[in-house]
Structures are given as C-alpha cells and as structure tokens.
Amino acid sequence: MNRIEQKFKELKKQNQKAFIVFITAGYPSLDITYKLILEFSKVGVDIIELGVPFSDPMADGPIIQESSQAALKNKINITHILNLVKRVRDKTRIPICLMTYYNPIFCFGEKRFIEAASVCGVDGVIIPDLPPEEGDSLIKLSRRHHLDVVCFISPTTSIERMKKICAIARGFIYYVTFTGVTGPRQNLPSDLAGNLRAIKKHTRKPVCVGFGVSDSRQVRQIYKIADGVIVGSAIVKKIKDNIGNPDLVQRVVNFVKKLKEC
Amino acid sequence: MQKRRIIAETGAGQHGVATATVAAMFGLECDIYMGEEDMRRQRLNVFRMKLLGARVIPVKSGSQTLKDATTEALRDWVSNVRTTHYIIGSVVGPHPYPMMVRDFQSVIGREARRQILKKEKRLPDYLVACVGGGSNAMGLFYPFFKDKKVKFIGVEAGGLGFSSGKHAATLVEGSVGVLHGSKSGLLEDKFGQVKIAHSIAAGLDYPGVGPEHAYYKKIGRANYVAVDDQQALEGLRLLSEIEGIIPALEPAHAIFYLKKLKDKINKNSIIIVCLSGRGDKDTDIVAEKLRL
C-alpha cells in the first residue's frame with residue numbers, strides 16, 4: 001500500500017476529508033518549495049502536488065502559467081524536482097504527487113522517470129494531457145513501481161468514459177469542477193454535487209475536487225460532497241503576492257491553515 | 001453540434017480570414033487567436049478578419065506567435081466546449097484534427113492530380129510545398145500517396161540558420177515530442193521544454209509539425225528540407241520576376257528549393273509547387289527587407 005492509499009484509509013477512519021495543495025516546484029525557488037512542503041505537512045495538509053514547470057501549460061490559467069514561466073527562467077527541471085522530493089523524504093511522510101504535462105516525461109523516458117520517481121519517494125503522477133487511452137505503457141510501469149497515476153474526470157466526461165477511468169484510476173480521482181483551465185473562480189458550479197454523485201455510483205475510490213477553489217466557503221461546500229479538495233492557483237497567488245518578503249513561507253502557510261480549517 | 005461560436009488560431013492570418021469569412025456567412029460568433037508578433041507582421045490579414053466581423057484576440061505569451069495562439073485557443077476551447085467549436089488551421093492538434101484538416105485540404109492534391117493527368121498525361125515527378133504545421137503540403141501530398149514514383153518534398157523554415165537556433169525546421173533539426181495533443185516532430189530542449197521557433201514567414205513559425213508529416217518522414221515517403229529567411233526572399237523575387245506571381249513568404253520557401261532541385265531534373269520533369277496564401281499580406285515585410 002503506498003502513502004496515498006494509506007492516507008485515504010486514515011482519513012476515512014477519522015471521518016475526515018483530504019486537503020490537497022498544489023504548488024509549482026521551484027517557484028520562486030527550490031529552497032522555498034522545500035520549506036513550504038515541510039511546513040504544509042506540519043499543519044496537516046494531506047497530500048502535496050508539485051507542479052513540474054512546462055513551456056506550454058495548456059490546462060493552466062495565468063497564475064500557474066506565470067509561476068511555471070518563472071521557474072523555467074530559473075532553469076528548474078525534472079531532475080531538480082526529483083532530488084527535492086528525495087531530500088524532503090528524509091523529513092516527512094506526506095504523500096507527494098508530481099503534476100506534469102506529458103512531454104517532459106516523454107523526453108526523460110517513461111521507464112527512467114517512473115523508476116527515478118519511485119526511488120525518490122514520489123507517490124503519484126498527475127498528467128493533464130495524457131488521456132488514459134494513450135497511457136497504457138506509463139500506467140503499467142507505474143503499477144510495477146507502486147506509483148499512482150491519478151486520472152481526471154470532468155463535467156463533460158461521458159458515462160462510458162467515466163466507467164473506464166474509474167476502473168484504471170489509482171490513488172484518487174481528480175474531478176475538475178469546470179470546463180476550463182486552472183484559476184480561482186467566484187462560485188462553484190451548480191451541477192457539482194450531481195456530477196459527484198454520478199461518479200460515486202461507479203467507484204469506491206476517493207474523489208477529490210479541484211480547479212477554481214480559492215476560499216473557505218468553497219472548501220466547506222466540497223467537503224460535504226467529496227472525499228477531498230485540491231487548492232492550487234489561490235496558493236500560488238499567495239506565493240506570488242509575497243515574493244521578496246522574508247515571511248513568505250509563514251504567510252502562505254497561514255493562508256493554507258485558514259483554508260484547511262474552514 | 002448546435003454551437004453558435006467558432007474559434008481558431010492563426011499564424012499568417014490566412015486561416016483566420018477563412019474562418020472569419022465562414023462565420024460571417026453563417027452568422028456565427030468568431031474569435032481568432034493570433035500572436036501579437038504575428039499581428040504586427042501580418043496587419044493586412046488582421047484588418048481583413050476584423051472587417052469580416054471577427055474578434056482578433058492578441059496572444060502575448062511565449063514568442064507571441066503561432067504556438068502560443070494555438071495553446072491559448074485550446075484553453076478557450078476546453079473552457080467553452082459546450083458552446084464553441086475550435087476550427088484548427090493546420091494538420092496538428094488532438095485526433096481527429098490532423099486527419100480532418102488533411103481530408104479537407106486534400107482537395108488541393110485531388111484537383112492537382114486530375115489536372116496534371118489531363119494536361120500532361122502523366123503524374124508529376126516531384127511535389128514541393130512549404131511545411132509549417134503542414135496543411136497545404138499534406139493537402140497536396142496525400143492524394144498522391146500511393147503514386148510511389150511521385151516524390152514529396154516538404155520545405156521547412158530555416159529561419160536565421162541552424163547555428164543561430166532561430167528557425168522552425170522541426171523535422172529537419174528537431175526531435176520527437178508531444179505538444180497540443182499529438183506526438184510528432186518537435187523543437188524542444190532535452191527536458192522537453194518547447195523551443196521558440198523563428199521564421200520570417202508567420203505561417204511557418206511553429207516548433208511542431210503535423211504528425212502525418214512525421215509519419216511520412218519516418219517511412220521515407222517524403223523528404224524534408226530547410227530553406228532560410230534570405231533564401232525565401234530570393235524565392236519570392238524569383239517567382240515575381242519570372243512568372244509575375246507574388247507569392248506569400250511561406251511558399252516562397254518552396255519556390256527557392258526548386259533551385260536546389262535543378263541537378264535532379266531535366267526539361268521533361270514535371271514539378272508541382274503548392275502556393276499557399278497570397279503575397280499581398282507580406283508586402284510590408286518584403287519591402288522592408290528588400291529595400292525596394
């Protein structure tokens with residue numbers, strides 16, 4: 001059983017929901033990312049998603065796009081991020097997923113990537129532009145190395161496809177709130193509860209909701225109907241607003257604490 | 001599909017104008033994504049699109065050219081998929097786009113094949129076309145695929161030369177990667193970050209290429225070569241002065257390549273060159289570069 005599965009088991013026992021945080025690795029620096037991961041795990045964040053910066057992040061809105069660009073300017077690459085996870089593993093057991101577009105994995109080599117990720121202590125991968133239909137080899141490799149490939153379901157996923165995805169999904173299912181890209185939204189869509197119910201009919205795996213979540217009201221809403229919530233852009237924005245500030249880590253962690261303890 | 005809005009990306013603006021035209025005819029809302037740099041160098045087409053009632057949305061990210069316009073159009077599409085259809089301008093993107101666009105464009109090759117057989121009573125020796133995303137080339141090549149003796153030459157943009165790193169010769173100088181929903185040739189660094197392409201021709205300025213071209217290269221059905229900015233300008237002059245046709249900068253690359261073919265052909269050889277776009281859109285750039 002890997003750390004993600006274990007985490008959801010523990011949460012279920014305590015009747016708790018997962019609070020999952022996304023940050024772009026290397027934004028504004030690998031050192032800050034390292035500190036943030038440790039502090040997040042201390043305040044009870046359940047899972048960390050580390051974004052691997054990419055030149056053409058199709059699924060991302062301006063906030064994450066900008067963070068990716070900045071990390072790339074600092075020449076951050078997959079090797080740096082894998083090493084970061086390795087270092088951080090000495091100090092924390094928090095489940096860590098790498099969120100990346102497919103091309104960086106393809107160029108690294110699927111086998112080489114999965115093996116290295118596994119050795120460094122990565123627990124899962126989330127790849128927005130790899131449809132499961134194209135993911136056969138990666139999924140097989142990841143199973144062999146006990147890494148979870150987290151799959152997406154969106155409001156436009158057909159029932160047939162949803163069933164297929166539920167069958168191959170591991171770790172948790174990432175439900176995307178909106179048809180759209182990442183970025184904070186004022187309100188969650190009205191069809192959210194209904195769509196989640198429909199997914200739950202086809203799977204017992206945990207379903208976590210992400211994209212657009214930026215305040216405690218939304219987190220509360222999601223806690224009522226899903227197994228977890230994923231917050232990304234709102235946190236990356238907090239990082240951006242505090243760049244240059246010596247208290248950056250503390251401020252971002254406080255923000256995350258407030259969201260989590262809604 | 002009951003959609004009232006269409007979007008498209010455009011580099012040189014030709015596809016944008018075509019999309020705006022059809023939107024005007026059918027009363028659809030139309031938004032065209034275009035890199036800011038491309039808007040600057042293809043002003044005539046920007047004007048045309050606006051005149052036709054489309055909104056031209058400037059894309060400021062990345063190199064501000066075709067790749068960035070495509071990424072932004074994809075973002076719009078996933079956000080508005082219920083009301084919006086995305087008409088991709090080349091044989092790129094997620095399946096079934098490369099196939100669809102090839103099928104639509106192959107009117108070029110079908111008509112060319114019919115006409116050349118009628119006129120010359122035989123098939124051509126060479127087909128030459130410029131390759132950015134690759135739609136005009138695939139349109140010309142595809143209907144001749146089974147005619148094994150017909151050689152295909154795709155001409156990519158050599159930009160400022162390979163050593164400068166500023167070019168768009170994806171199949172000649174690039175590797176394999178996944179961008180915009182397909183696995184194909186890609187100009188990328190060793191970490192898979194997409195490189196910024198460059199060409200004097202906005203329509204060739206793309207670091208990717210249609211997957212079917214990558215396939216043709218792999219199986220040896222087509223050869224891909226590169227022609228640089230200066231050579232393209234020479235090609236443009238050549239066709240203007242010899243035939244009285246002012247080509248766009250994109251196919252000017254293909255025209256120039258005919259000079260290289262000189263040693264492989266004789267006066268009985270038949271070569272078909274595809275002239276994509278039109279030269280009036282490039283008069284500003286060309287006038288500046290040629291100091292006429």
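Taken over the alpha carbons of region B:61-126 as equal point scatterers, the Debye sum produces base-10 log I(q)/I(0) values at 0.14, 0.18, 0.26 Å⁻¹ of -0.60, -0.76, -1.11. Of the residues B:THR83, B:THR21, B:THR170, the one that moves most in a GNM of chain B with alpha-carbon contacts below 10 Å is B:THR83.
What do you get when you divide the Cα radius of gyration of chain A by 2.2 N^0.38 Å, with N the number of residues? Spell out each step's value before the answer.
On the way: Rg = 16.8 Å, N = 262, 2.2 N^0.38 = 18.3 Å.
Relative to the rule-of-thumb radius for its length, chain A sits at 0.92.
Normalised by 2.2 N^0.38 Å, with N the number of residues, the alpha-carbon radius of gyration of region A:78-195 equals 1.15.
For region B:213-271, the orientation-averaged shadow of the C-alpha convex hull comes to 4.9 nm² (one quarter of the hull surface).
For region B:167-180, putting each phi into the Karplus relation 6.51 cos²θ - 1.76 cosθ + 1.60 with θ = phi - 60° gives couplings of 7, 9, 8, 4, 7, 6, 10, x, 10, 9, x, 10, 9, 6 Hz, in residue order, rounded to whole numbers and with x for Gly and Pro. Per residue, the convex hull spanned by the Cα atoms of the protein assembly as shown measures out at 163 cubic angstrom.
Could you check which residue among B:ALA20, B:ALA112, B:ALA226 shows the biggest mean-square fluctuation in a GNM of chain B with a 10 Å Cα cutoff? In the Gaussian network model the winner is B:ALA112. Distance from the alpha carbon centroid of region B:172-248 to that of region A:1-65 works out to 39 angstrom. Residues A:GLU10, B:GLU9, arranged from fewest to most other Cβ atoms within 10 angstrom of their Cβ, appear as A:GLU10, B:GLU9.
Less than 5 angstrom separates the built amide H of B:VAL176 from those of B:LEU186, all sequence-distant by 5 or more or on a different chain.
Going from the fewest other Cβ atoms within 10 Å to the most, the residues A:CYS208, B:CYS274, A:CYS262 appear in the order A:CYS262, B:CYS274, A:CYS208.
The C-alpha radius of gyration of region A:122-259, expressed as a fraction of 2.2 N^0.38 Å, stands at 1.14.
Taking amide H positions as modeled 1.01 Å from N, with prolines and chain starts lacking one, the residues under 5 Å from B:ILE57 and 5 or more places away or on another chain are B:ILE32, B:TYR33, B:MET34. With neighbours defined as other Cβ atoms within 10 Å of a residue's Cβ, the residues B:MET25, A:MET162, B:MET138 order from fewest to most as B:MET25, A:MET162, B:MET138.
Quick check on chain B: what does the Kirkwood estimate of hydrodynamic radius come out to from the alpha carbon pairs, in Å? The answer is 19.1 Å.
When chain A is treated as a Gaussian network with alpha carbon springs shorter than 10 Å, the biggest mean-square fluctuation among A:ASP191, A:ASP123, A:ASP227 belongs to A:ASP191. Backbone amide hydrogens, once placed in the peptide plane, bring A:GLY51 within less than 5 Å of A:ILE23, A:THR24, A:ALA25, A:MET99, excluding anything fewer than 5 places away on its chain. Shielding by partners for peptide A:54-65, expressed as the average number of C-beta atoms from other protein chains within 10 Å of each residue's C-beta, is 5. Rounded to the nearest 500, the helix-only mean residue ellipticity at 222 nm of chain A stands at -14500 deg cm²/dmol, with each DSSP H run of n ≥ 4 adding -39,500 (n - 2.57).
Can you give me the Rg/Rh ratio for region B:112-178, using Cα atoms for both radii and the Kirkwood formula for Rh?
Details: Rg = 14.9 Å, Rh = 13.6 Å.
For region B:112-178, the value is 1.09.
Checking the Cα-Cα distances for B:LYS166/B:LYS190; A:LYS17/A:LYS257; A:LYS12/A:LYS164; A:LYS111/B:LYS190 against a 19 Å cut-off, the pairs over it are A:LYS12/A:LYS164. Each stretch of four or more DSSP H residues adds -39500 (n - 2.57); spread over every residue of chain B, this sum gives -12500 deg cm²/dmol at 222 nm. Across peptide B:185-196, the average count of Cβ atoms from other chains found within 10 Å of a residue's Cβ is 5. Comparing B:PRO247, B:SER175, B:PHE145 along the charge dipole axis of region B:145-262, the residue lying farthest to the positive side is B:PHE145, per the Cβ-charge model.
When the Cα atoms of region A:188-262 are aligned to their principal axes, the ranges along those axes come out at 48, 20, 17 Å in descending order.
A short reminder: the numbers here are calculations on the coordinates, not readings from a lab. The structure presented is a predicted model; accordingly, all values stated were derived computationally and were not measured. Every residue, glycine as well, gets a Cβ built from its backbone with ideal geometry; the counts of neighbours run over all protein chains shown.
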